[in-house]
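Down below is the structure, laid out as structure tokens.
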Amino acid sequence: VGFVVNHHQFNIKNDNRYLVPFMVYEHNEIRFGFVDKNENIVIPAIYDKVYDDFDSENDLVRVGKRFCVNYGTEKDPRIYYYFTCGLIDSKGYELIACGKYERLHFVSQNLLVAHGNRLVERGCALLDKNGNAIVEYGVYDEIYNFAHGFARMRDCCGWGVIDEEGDCIISSGIFNEIWDMDARYNRIVVKRDGVRYDVSIEVLQK
């Protein structure tokens with residue numbers, strides 16, 4: 001988030017963010033936290049990564065912690081370091097704790113897609129902001145951004161479309177390809193046997 005600057009060159013009063021990230025360096029490791037405009041620590045420096053900004057009190061921010069796993073043997077250790085992602089509010093409450101998911105990204109204002117450790121598992125889950133599963137982990141390989149309440153998904157059979165409740169609107173395998181949802185248009189583009197078709201959002205809503 002932003003740039004690392006010398007604290008003598010930085011005036012926190014001029015920063016428009018609701019909370020401002022800071023870092024500490026201890027035991028050869030960097031940790032990140034957040035302070036308010038009076039430089040009071042609101043969220044202690046316990047995270048290895050910060051992915052977003054607290055521009056307002058109501059924002060949610062993705063944070064990361066580093067983990068290591070040995071997926072080799074005692075004679076041939078293979079240490080793999082990776083980051084797990086969590087979600088916190090502006091008071092530091094962890095809505096989604098670090099440790100379970102390797103990646104989180106918002107696909108709508110209220111929904112996130114979560115990926116686990118890519119070394120040992122495949123697929124994703126669709127979560128609400130409290131970490132509740134709308135679509136359980138592993139049902140789909142990937143879920144993309146929502147527009148007009150619908151999103152592309154991909155599984156072992158191909159491309160399909162789901163709604164924000166996780167219900168399948170277009171089953172995978174019907175179309176060879178589905179273009180990414182675009183909020184600017186009231187349609188999606190699909191492809192079957194080399195022919196492109198426009199599917200109206202109104203058709204999906206019925």
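So, counting K/R as plus one and D/E as minus one, what does the shell of residues with Cβ under 13 Å around Y25 add up to?
Summing Lys and Arg as +1 and Asp and Glu as -1 gives -2.
Placing unit charges on C-beta atoms (Lys and Arg positive, Asp and Glu negative, everything else neutral), compute the dipole magnitude of the stretch 44-140 about its Cα centre in debye, rounded to 20.
I would put it at about 420 debye.
Given Cβ point charges of +1 (Lys, Arg) and -1 (Asp, Glu) and nothing else, what value in debye, to the nearest 20, does the dipole of the stretch 119-206 about its Cα centre take?
I would put it at about 300 debye.
How far apart, in nanometres, would the label points at D141 and N16 be if each is projected 7 angstrom from Cα along the Cα-to-Cβ direction?
It is 4.1 nm.
Which of P21, P77, P44 moves the most in a Gaussian network model of the chain with Cα springs under 10 Å?
For the chain, modelled as a Gaussian network with Cα springs under 10 Å, the answer is P77.
Would you mind classifying the stretch 27-101 by shape? Square roots of the alpha carbon gyration tensor eigenvalues, ordered a ≥ b ≥ c; an a/c under 1.5 is rounded, otherwise it is prolate if a/b is larger than b/c and oblate if not.
Verdict is prolate for the stretch 27-101.
In square angstrom, what is the accessible area per residue of the chain with a 1.4 angstrom probe?
With all protein chains present, the chain gives 61 Å² per residue.
Distance cut-off 29 Å, Cα to Cα: go down the list K65/K191; K49/K191; K49/K91; K65/K91 and report the pairs above it.
Where the Cα-Cα span goes over 29 Å, the pairs concerned are K65/K191; K49/K191.
Can you compute 3J(HN,Hα) from phi for each residue in the stretch 39-56, using the Karplus curve 6.51 cos²θ - 1.76 cosθ + 1.60 with θ = phi - 60°, rounded to whole Hz and x for Gly and Pro?
Working through the residues one at a time gives 6, 7, 6, 9, 10, x, 7, 10, 10, 8, 9, 10, 9, 9, 10, 8, 6, 9 Hz.
Does the stretch 98-160 come out rounded, prolate or oblate by the C-alpha gyration tensor, with a ≥ b ≥ c the root eigenvalues, rounded set by a/c under 1.5 and, if not, prolate when a/b is larger than b/c and oblate if not?
oblate
Calculate for the chain the 222 nm mean residue ellipticity that helices alone would give, adding -39,500 (n - 2.57) per DSSP H run of length 4 or more and normalising by residue count, nearest 500 deg cm²/dmol.
Roughly -500 deg cm²/dmol at 222 nm, from the helical runs in the chain.
Report the local net charge at Y185: Lys and Arg +1, Asp and Glu -1, summed over other residues whose C-beta lies under 13 Å from its C-beta.
Local net charge: -2.
Could you please state how large a percent of the accessible area of the chain is carbon and sulfur, counting protein chains only and using a 1.4 Å probe?
For the chain, the apolar C and S fraction of the accessible surface comes to 46 percent.
Which FRET efficiency value, to the nearest 0.05, do you get for A133 and D55 by plugging their Cβ-Cβ distance into 1/(1 + (r/R0)^6) with R0 = 35 Å?
Efficiency, rounded to the nearest 0.05: 0.80.
Over the chain, calculate the relative contact order: mean separation of alpha carbon pairs under 8 Å at least 6 apart, over the residue count, as a percent.
Relative contact order here is 8 percent.
The values are calculated or read from the model by the stated rules, or taken from the named source; none is laboratory data. Fair warning: this is a prediction, and the values are worked out from it, not measured in the lab. Note that we place each Cβ from the backbone using ideal geometry, even for glycine, and neighbour counts take in every protein chain shown. In case anyone asks, the SASA skips ligands and DNA or RNA and just uses the protein heavy atoms, side chains included. Shrake-Rupley method; radii C 1.70, N 1.55, O 1.52, S 1.80 Å.
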